[in-house]
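Bear in mind these aren't lab numbers, they're just calculated from the coordinates by the rules spelled out. Keep in mind that what you see is a predicted model, and the values were worked out from it rather than measured. Here the Cβ is made from the backbone with ideal geometry for all residues, glycine too, and neighbour counts use every protein chain on show.
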Amino acid sequence: MIIESFPVGALSCNATILGDEISGDAIVIDGGDGRDEVLKRLAARGLRARYLVHTHAHFDHIADVGGLRARTGARALLHPADLPIYRAQPALVRAFGFSMPEPVELDGDLLDGDNLRVGSLALHVLHTPGHTPGSVSFAVEEGGASTIFSGDTLFAGAIGRWDLGGTSMEDIVDSIERKLLTFDDGALVVPGHGPSTTIGKERRTNPFLGR
């Protein structure tokens, strides 16, 4: 399995390519604000994107999903609870001096418990509301080791903002404790921004957890 994470866009969102070497198929996580970089890295590895998935609908994670889909033919997916946020993003980001293309119709929903498969690779969907109502995290396993892609839900030493509308601090902490802290201490966590961490480190040291 190929796992390649890299920052894209003005806010350095961590995009990830998950690839199956045998089939040459791939899943792209949060690549919507880094179309050209994602395309370059897919081509360098000889991979074809089959799914474009998003941890949530803020522009730095999904802005140009339409452009990336047009170039790859992949299916673009989002949790349905975040569709209102996705549709409202262009007007919102203009107020902060950014821009994004008009939203496109997406190809389907990400729901809790879904498994997306490409070749032998299976990506598990965990609904982790709190940063947004439709925030999800993803988990993949290889050789008994788990990697979690937590979006803006869990960071190294911090948690995501919960004050952007429709959620609370209790929501995001509950999501982390019920859905993410169930993984083994050694599970790697790749957040939506910043450095990676592990479940064990966050369980022991994150000041927002274990209250």
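Could you sort 150-161, 192-203 so that the peptide with the highest average Cβ count within 10 Å comes first and the rest follow in order?
Final packing ranking: 150-161, 192-203.
Put +1 on the Cβ of each Lys and Arg and -1 on the Cβ of each Asp and Glu in segment 121-211; which of Gly210, Leu164, Leu154 then has its Cα farthest toward the positive end of the dipole?
Gly210
What is the magnitude of the charge dipole of the chain about its Cα centre, with +1 placed on the Cβ of each Lys and Arg, -1 on the Cβ of each Asp and Glu, and no other charges, expressed in debye to the nearest 20?
In total the dipole reaches around 320 debye.
Assign unit charges at the C-beta atoms only (+1 for Lys and Arg, -1 for Asp and Glu), then state the dipole size of segment 2-114 relative to its Cα centre in Debye, rounded to the nearest 20.
With Lys and Arg at +1 and Asp and Glu at -1, about 380 debye.
Along segment 185-199, what does the Karplus equation 6.51 cos²θ - 1.76 cosθ + 1.60 (θ = phi - 60°) give for ³J(HN,Hα), rounded to whole Hz, x for Gly and Pro?
4, x, 4, 7, 10, 9, x, x, 8, x, x, 6, 8, 10, 4
Sort Val104, Val65 by Cβ crowding within 10 Å, fewest neighbours at the top.
Going from sparsest to densest Cβ surroundings: Val104, Val65.
Roughly how big is segment 1-49's charge dipole about its Cα centre, with Cβ charges of +1 (Lys, Arg) and -1 (Asp, Glu), in debye to the nearest 20?
Working: 5 positive and 8 negative charges, 27 e Å.
Taking the Cα centre of segment 1-49 as origin, the dipole is about 120 debye.
Which of Thr128, Thr72, Thr16 moves most in a GNM of the chain, Cα contacts under 10 Å?
Thr72
Rank Pro103, Pro191, Pro84 by mean-square fluctuation in a GNM of the chain with C-alpha springs under 10 angstrom and give only the top-ranked residue.
Among Pro103, Pro191, Pro84, the largest GNM mean-square fluctuation belongs to Pro84.
With mean projected area of the Cα convex hull in nm² in mind, check (1) 13.3; (2) 10.6; (3) 19.6 and report the label derived from this structure.
Checked against the structure: label (2).
Excluding Val8 itself, calculate the net charge of residues whose Cβ lies under 14 Å from the Cβ of Val8, where each Lys or Arg counts +1 and each Asp or Glu counts -1. Show your work: numbers first, answer last.
Numbers: positive: Arg35, Lys40, Arg41; negative: Glu4, Asp30, Asp33, Asp36, Glu37, Asp60, Asp64.
Net charge in that neighbourhood comes out at -4.
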